[in-house]
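Take a look at the structure set out below.
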Amino acid sequence: MTTASPRTPPAVLPGPNDVCWCGSGTKYKKCHRGADAVEARKKGPEVARHGIRPGIISPRRDVPLNIPRPDYAASGRPLRRGGDSDIKTPDVIARMRRACKAAAEVLQEVAGHVRPGITTDELDAITHEAYIRRGGYPSTLNYHGFPKSLCTSVNEVICHGIPDSRALEDGDIVNLDITIFLDGVHGDCSATYFVGTPQPESERLVRITRECLDMGIAAVKPGRPVSDIGRAIEEHATKNGVSVVRAYCGHGIGETFHTALQIPHYYEPEADTVMQTGMIFTVEPMINQGGWGHRTWDDGWTAVTADGSRSAQFEHTLLVTEQGAEILTVP
């Protein structure tokens, strides 16, 4: 008599409403989702000891008083705006084009400094000055208390990495997340870069992540639900054996940094908001080599993969047009 060996979770875990990996035939959220999350948390601290460690965070950088700033710049608390529409007026669209172009230029400028030996805090200083030269305010600076002018997410850091004293090392990957407040609106974009000589698996992850962004942008069409975007991204990721982070999503943007509109990067049938011409939002898939689970460091910001696998991200701000999507964040 033989007994079947116990099944183990796959690298890419199913979505909440998908059939559980164990073969029970029930939805994952009603079966092994809770137990998998517990196991991921158990592994988290051990993984952290062998991965990225937090460095020293320098004092917050000053912004000249003549630079217009968002409502949260002093208090750290964005004002609640009930009247913001995700369908923008021609005036807002014109200002968004300028802000997004500036964000793309800053991203391109800072990316030119990525190399082994430079610290993420030095990249923050370069970014900070690039915003100011353009007359813009760093959107992340003091947003809900965030201490820096950009997010630098290295290796297993999914998003919201705080620039610090850690020097980038050969073989690292780093996401630079740039957002500028200019002309009363926010322009938002990000990309993942290789540090020195890329590792083959990192090259593959970054390529697939960029393809996922492209798939998501191609799914933007007026009259269709925003769930189409996540469906396209998740299908491509799953086909390539990587996973889509579920805890963070794209968002409406304009005079407010994050509006109530959310853009999941995995298929969520309840994301049934219909895309309309004039809408502006971000698409910013975060793709993990391993499972999609995450945990957050004690700093309250840095999100890392639960299993220690690497994560990559690309982001554009998009305007919905009659033809599809206009990418606003181009230099």
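The values are calculated or read from the model by the stated rules, or taken from the named source; none is laboratory data. Worth saying up front: this structure is predicted, and the values here are computed from it rather than measured. Neighbour counts are summed over all protein chains in view; Cβ atoms, including those assigned to glycine, are modelled from backbone coordinates with ideal geometry. Note: accessible area is taken over every heavy atom of the protein model, side chains too, but ligands, DNA and RNA are not part of it. Shrake-Rupley method; radii C 1.70, N 1.55, O 1.52, S 1.80 Å.
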Seminar exercise, completed: In terms of the charge dipole of region 116-193, which places +1 on Lys and Arg and -1 on Asp and Glu at the beta carbon, the residue among 123, 184, 165 farthest towards the positive end is 184
For this session: Please work out whether region 279-331 counts as rounded, prolate or oblate from its C-alpha gyration tensor, where a ≥ b ≥ c are the square roots of the eigenvalues and a/c under 1.5 means rounded, while otherwise a/b larger than b/c means prolate and anything else oblate?
Result: prolate
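Let me check against my output: what whole-number percent is the relative contact order of region 135-217, with C-alpha pairs under 8 Å and at least 6 apart?
Relative contact order, region 135-217: 24 percent.
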Exercise. Ignoring ligands and nucleic acids, what accessible area does residue 88 show with a 1.4 Å probe (Å², nearest 10)?
Worked result: 30 Å²
Exercise. If each Cα of region 126-283 is one equal point scatterer, what is log10 of I(q)/I(0) from the Debye formula at q = 0.16, 0.17 Å⁻¹?
Worked result: -1.02, -1.13
Exercise. With every protein chain in place, what's the accessible area of residue 255 (1.4 Å probe, Å², nearest 10)?
Worked result: 80 Å²
Exercise. Based solely on its DSSP helices, what 222 nm [θ] is calculated for the chain when runs of n ≥ 4 H residues each add -39,500 (n - 2.57) and the sum is averaged over all residues, nearest 500 deg cm²/dmol?
Worked result: -8500 deg cm²/dmol
Problem set entry | Integer Hz, Karplus 6.51/-1.76/1.60 couplings in order for region 162-175, x for Gly and Pro | 8, x, 8, 7, 5, 7, 5, 10, 4, x, 5, 10, 9, 9
Problem set entry | the chain, dipole about Cα centre (Lys/Arg Cβ +1, Asp/Glu Cβ -1), debye to the nearest 20 | 560 debye
Exercise. What order, most packed first, do the peptides 52-60, 299-307 have when packing is the mean number of other Cβ atoms within 10 Å of each residue?
Worked result: 299-307, 52-60
Exercise. Once both labels are modelled 7 Å past Cα along the beta-carbon direction, what's the residue 262-residue 69 spacing in nm?
Worked result: 3.0 nm
For this session: Could you tell me how many degrees, from 0 to 90 and to the nearest 10, lie between the Cα long axis of helix 120-133 and the main elongation axis, the longest principal axis, of the Cα atoms of the chain?
Result: 40 degrees
Exercise. What spacing in nm lies between the two simple spin-label points modelled at residue 53 and residue 91, each 7 Å away from Cα in the Cβ direction?
Worked result: 5.4 nm
Problem set entry | Rounded to whole Hz, the Karplus (6.51, -1.76, 1.60) HN-Hα couplings of region 200-214, x for glycine and proline | x, 5, 5, 4, 5, 4, 5, 4, 5, 5, 5, 5, 4, 4, 4
Problem set entry | Heavy-atom accessible area order for 61, 310, 77, largest first, 1.4 Å probe | 77, 61, 310
Seminar exercise, completed: Phi angles of region 225-236, converted by Karplus (6.51 cos²θ - 1.76 cosθ + 1.60, θ = phi - 60°) into ³J(HN,Hα) in whole Hz with x for Gly and Pro, give x, 5, 4, 4, 5, x, 4, 5, 5, 5, 4, 5
For this session: Over the chain, with every protein chain in place, what whole percent of the accessible area is carbon and sulfur at 1.4 Å, could you tell me?
Result: 52 percent
Exercise. Angle between the Cα long axis of helix 90-111 and the longest principal axis of the chain, 0 to 90 degrees, nearest 10?
Worked result: 70 degrees
Exercise. Taking the chain as a Gaussian network, where each spring joins two C-alpha atoms under 10 Å apart, which residue of 259, 282, 89 fluctuates the most?
Worked result: 89
Exercise. In square nanometres, what is one fourth of the surface area of the convex hull spanned by the alpha carbons of the chain?
Worked result: 18.1 nm²
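Tally Lys/Arg at +1 and Asp/Glu at -1 over every other residue whose Cβ is under 10 Å from the Cβ of residue 117; what's the total?
In short, -2.
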Exercise. Going by a ≥ b ≥ c, the root eigenvalues of the Cα gyration tensor, does region 109-174 fall in the rounded group (a/c under 1.5), the prolate group (a/b larger than b/c) or the oblate group?
Worked result: oblate
For this session: Rank 75, 22, 154 by how far each Cα sits towards the positive end of the charge dipole of the chain (+1 on Lys, Arg Cβ; -1 on Asp, Glu Cβ) and give me just the farthest.
Result: 22
Exercise. Mind listing P(r) for region 229-331? All alpha-carbon pairs, 10 Å bins, whole percents.
Worked result: 14, 42, 33, 10, 0
Exercise. Under a 5 Å amide H to amide H cut-off, with H placed in plane at 1.01 Å, what residues pair with residue 263 once short-range neighbours are removed?
Worked result: 250, 251
For this session: Could you give the C-alpha radius of gyration of region 136-199 expressed as a fraction of 2.2 N^0.38 Å, taking N as the number of residues it contains?
Result: 1.21
Problem set entry | region 156-212, dipole about Cα centre (Lys/Arg Cβ +1, Asp/Glu Cβ -1), debye to the nearest 20 | 120 debye
Problem set entry | Sequence-distant residues sharing a close amide H with residue 158 (under 5 Å, placed H) | 303, 304, 305
Exercise. Going by a ≥ b ≥ c, the root eigenvalues of the Cα gyration tensor, does region 166-255 fall in the rounded group (a/c under 1.5), the prolate group (a/b larger than b/c) or the oblate group?
Worked result: oblate
